[in-house]
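Here is the structure we will look at.
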Amino acid sequence: MKIIVIGAGASGLLTAIKLSNNEVTILEKNSVSGKKLLITGNGRCNYFNDKHSILNYHSSSDNLNDFIKKSDFNNIKAFFDTIGIEPEIKEGYYYPKSKEAISFRNILELEANLRGVNIIYNTNVIDIKKDSEIFTIYTSGGIKYEADYVIVATGGCSYENTGSDGKCLEIIKKLGHKIIKPLPGLVQLESDGKIKNASGVRTKVELTLYEDNIKIKNEIGELQITDYGISGICVMQLSSIVSKGLDSGKKEVIGINFLPEVSDVFYWLTKRSEKLDNRNISQLLEGIINYKLIKLILRKSKIEENEYLTDLTDERIKKLCDNITNYQVNITKTKGFSSAQITVGGISLQDVTSNFESKFINNLFFTGEILDVNGDCGGYNLMFAWLSALRVGEYINDKTKTN
């Protein structure tokens with residue numbers, strides 16, 4: 001059987017390896033494979049996470065449970081063991097022992113080469129057609145390729161300079177598939193500029209996302225305040241929801257709790273004032289909250305730095321406490337695809353079988369980020385790439401054995 005895999009990224013390489021008992025060719029638009037894989041996990045490649053469940057994955061379709069199965073995760077670890085990837089495990093997060101994404105990519109590429117997979121670089125696919133049982137893949141260089149099976153593994157729209165530009169989605173749409181609008185995910189958020197003076201501050205917080213004044217989700221982690229807005233893993237975890245909300249015209253607000261470990265800030269602040277009765281408001285918060293944040297909080301609360309807590313009314317103290325525990329930041333937009341780690345949206349799961357085969361065109365499959373599935377931070381998006389690749393490989397292998 002002739003099999004064409006479009007894209008030599010994470011899921012493309014793995015699919016090709018699984019199908020290497022056939023005549024497999026990968027068409028890759030870049031001059032190297034796994035270009036996007038090289039920047040995952042800040043160049044360390046967080047490729048797996050022991051703490052996984054269906055709750056770590058999201059889709060616009062309501063049939064996500066058909067695609068994320070617990071048994072698949074065990075298959076991922078078993079497969080990587082067979083090709084010699086030794087994990088360095090930290091709190092459930094898996095990295096290659098080298099802590100280098102390039103070594104992980106190199107092992108995948110080596111395994112593909114050893115198994116006879118033909119990788120053709122600098123080849124940009126511009127169209128896919130099927131006549132009877134044979135696919136014809138057209139490229140910008142004028143060369144055509146024929147195949148019995150085609151697997152599209154070109155990624156989404158994030159990090160366009162890695163070749164993941166979303167253009168293949170246009171081809172898939174022409175073939176009759178519904179495309180959920182691609183949006184930036186796991187991305188930094190831009191705000192209205194009111195926290196700009198605290199740029200450079202990093203602090204542990206609890207974030208609450210509000211859409212049109214309705215509480216949506218909470219995240220705890222380290223917040224990074226920047227000159228454009230906010231960043232950090234806790235921000236990234238909320239950003240995919242924010243991206244969709246902004247696109248649909250919703251008002252997106254992030255509430256920041258700067259003292260998440262304090263259950264009753266009013267009581268805590270009152271007791272601290274009694275203990276340190278010679279200190280003003282600013283001095284009471286000194287050493288507890290970053291001084292840049294103290295200035296922001298007091299300014300928003302309309303309290304002077306030299307005022308004392310005992311001089312404030314309960315109403316003013318409550319307003320201060322509200323701004324300490326729920327400092328609201330208006331989100332205006334995301335940093336876009338150039339900064340996004342993943343794509344939210346893609347090929348609708350309603351148009352794909354649980355084996356990731358097109359419901360409209362037999363023997364056409366999709367793996368990885370091109371599908372409308374997005375995972376949380378922590379290796380989950382790579383895990384979906386592996387999961388989809390392994391299932392497609394196993395399904396096609398079983399199918400070709402019976403034919």
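The values are calculated or read from the model by the stated rules, or taken from the named source; none is laboratory data. Small disclaimer: the values here were computed from a predicted structure and weren't measured. Methodologically, a virtual Cβ is constructed for each residue, glycine included, from the backbone with ideal geometry; neighbour enumeration extends over all protein chains shown. For accessibility, only protein heavy atoms count, side chains too; no ligands or nucleic acids. Shrake-Rupley method; radii C 1.70, N 1.55, O 1.52, S 1.80 Å.
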Mean-position separation - Cα centroids, the stretch 147-218 and the stretch 72-143, in angstrom: 23 Å
Sequence-distant lysines (8 or more away, or on other chains) whose Cα lies within less than 16 Å of LYS292: LYS194, LYS196, LYS204, LYS300, LYS302
Mean Cα-pair separation over length for the stretch 67-107, i.e. relative contact order, pairs under 8 Å, 6 or more apart, %: 28 percent
Label-point separation, GLU23 to ASN106 (7 Å along Cα→Cβ), nm: 3.3 nm
Pair LYS129, ALA78: separation of 7 Å Cα→Cβ label points (nm): 4.3 nm
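Roughly how big is the chain's charge dipole about its Cα centre, with Cβ charges of +1 (Lys, Arg) and -1 (Asp, Glu), in debye to the nearest 20?
340 debye
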Cα pair distances in the stretch 182-261, grouped into 10 Å bins until the bin that holds the longest one, percent each: 20, 55, 24, 1
Carbon plus sulfur fraction of accessible area for the chain, probe 1.4 Å, in percent: 46 percent
Farthest positive-ward along the chain dipole, Cα basis, beta-carbon charges - from ALA389, LEU269, ILE331: ILE331
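Can you pull the percent of Cα pairs in the stretch 304-343 with separation above 14 Å?
Here the long-distance tail beyond 14 Å is 66 percent of all Cα pairs in the stretch 304-343.
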Two-site label geometry, LYS275 and SER98: point separation in nm, points 7 Å out along Cα→Cβ: 5.1 nm
Sum of side-chain charges, ASN75 neighbourhood, beta-carbon under 12 Å (Lys, Arg +1; Asp, Glu -1): +2
Net charge contributed by nearby residues that have their C-beta within less than 9 Å of LEU387 (K/R +1, D/E -1): +1
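Kirkwood Rh, the stretch 137-204, all Cα pairs: how many Å?
For the stretch 137-204, inverting the mean 1/r across all distinct Cα pairs yields 16.1 Å.
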Per-peptide average of other Cβ atoms within 10 Å, ordering 323-332, 213-222, 257-266 highest first: 323-332, 257-266, 213-222
Exposure rank, largest accessible area first [SER199, SER11, SER248; 1.4 Å]: SER248, SER199, SER11
Cα-Cα over 30 Å, subset of LYS51/LYS319; LYS69/LYS250; LYS69/LYS217; LYS51/LYS359: LYS51/LYS319; LYS69/LYS250; LYS51/LYS359
DSSP-defined beta bridges in the stretch 1-110 - what % are antiparallel, rounded to 5: 55 percent
The chain: relative contact order as a whole-number percent, Cα under 8 Å and 6+ apart: 24 percent
Net +/- balance of residues flanking GLY41 in space, Cβ distance below 13 Å, scoring K and R +1, D and E -1: +3
Cα point-scatterer Debye curve for the stretch 316-403, base-10 log of I(q)/I(0) at q = 0.18 Å⁻¹: -0.87
Cut-off 20 Å, label 7 Å out along Cα→Cβ of LYS217, residues of the stretch 167-197 by amide N: 180-191
Extension gain (nm, one decimal) between ASN397 and ARG316, 0.36 nm per residue minus Cα-Cα: 22.3 nm
Over the stretch 1-144, relative contact order from alpha-carbon pairs under 8 Å, at least 6 apart, %: 31 percent
Cα-Cα separations in the chain greater than 33 Å, expressed as whole percent: 40 percent
Accessible area in square angstrom per residue, the stretch 236-291, 1.4 angstrom probe: 50 Å²
